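First up is the structure itself, then whatever we jot down about it.
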Amino acid sequence: MVRMSAEERRESVIRAAMSEFARGGYSGTSTEAIAKRVGVSQPYLFRLFPGKRAIFLAAAERCMELFRQTFEDAAEGLEGEEALHSMANAYTQVIADEPERLLMQMQTYVAVAAAEEAGDHELGELVRDRWMQLWDTAHLPLGADPNETTTFMAYGMLINCLVAMGFPPRHRVWEGLYPSARTKGRLEMDPDETGAHETGSGAG
């Protein structure tokens, strides 16, 4: 049996932490649960990370980077409306295929708010920095237009909330979103459902 390197173990911990924090949030997730998912002892876990806070920081950073990479890959070689729809399609596909990524994103925002209230600004600074990288990755393909990017990101946050609340397919709350902005796997499109809304859809 091939032994995993410390770096490979660290990657395993980050992936496991994203899954655990996605479901339980920062306060409701124990390092014991993360260690158990990875298959290591808690003492070994703390050899890789100094504590639970550091693990959450790494998981939050990874979550935001994965979404940024999703936008970058989807928009490659495209601009304007083509880039908008490609990024929207890619984002909604990701949250349909990997719902824990959306949950981790939402838990990150909650954790930032709680940390800021407690006077701890490190998590907020990290997440705001990564969120602006996400913004900038969408901004350039959308023509570096602040209004377009704001609308794109705002629609993404709306999608996040609707999916997180479990609104079912065909519910009227989805009617204002064009097909590429609707979550794959949750909404069944009519074959003749075409055409684009004038506003965009992205991720928050």
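The values are calculated or read from the model by the stated rules, or taken from the named source; none is laboratory data. For clarity, every value in this text was computed on a predicted model and none was experimentally measured. For neighbour counting, all protein chains shown are included, and Cβ atoms are generated from backbone atoms with ideal geometry for every residue, glycine included. Accessible surface areas use protein heavy atoms only, side chains included; no ligands, DNA or RNA. Shrake-Rupley method; radii C 1.70, N 1.55, O 1.52, S 1.80 Å.
Within segment 134-149, the set of residues being surrounded by 15 or more Cβ atoms within 10 Å (Cβ to Cβ), assigned to a helix (DSSP H, G or I) and not acidic (Asp, Glu) comprises LEU134, TRP135, THR137, ALA138, HIS139, THR149. Working only within segment 86-127, note down all residues that are among the hydroxyl-bearing types (Ser, Thr, Tyr) and in contact with a strand residue (DSSP E or B) (Cβ under 7 Å, 6 or more places away or on another chain). Once the filter is applied, which keeps residues that are among the hydroxyl-bearing types (Ser, Thr, Tyr) and in contact with a strand residue (DSSP E or B) (Cβ under 7 Å, 6 or more places away or on another chain), segment 86-127 yields only THR92.
Applying the selection to segment 15-44, what residues are more than 16 Å from GLU61 (Cβ to Cβ), assigned to a loop (DSSP other than H, G, I, E, B) and open to solvent by 30 Å² or more (accessible area, probe 1.4 Å)? Those that are more than 16 Å from GLU61 (Cβ to Cβ), assigned to a loop (DSSP other than H, G, I, E, B) and open to solvent by 30 Å² or more (accessible area, probe 1.4 Å): SER27, GLY28, SER30, GLY39, SER41. Only residues in segment 140-154 that are closer than 15 Å to PHE71 by Cβ count as the first member; pair them with residues that are among the acidic types (Asp, Glu) and part of a helix (DSSP H, G or I), Cβ under 6 angstrom, at least 6 apart or cross-chain, and list the lot. Close Cβ pairs (under 6 Å, with a partner that is among the acidic types (Asp, Glu) and part of a helix (DSSP H, G or I)) amount to LEU142/GLU148.
Inspection of segment 146-165 identifies no residue that is more than 25 Å from ALA114 (Cα to Cα), more than 13 Å from the chain's Cα centre (by Cα) and among the small types (Gly, Ala, Ser).
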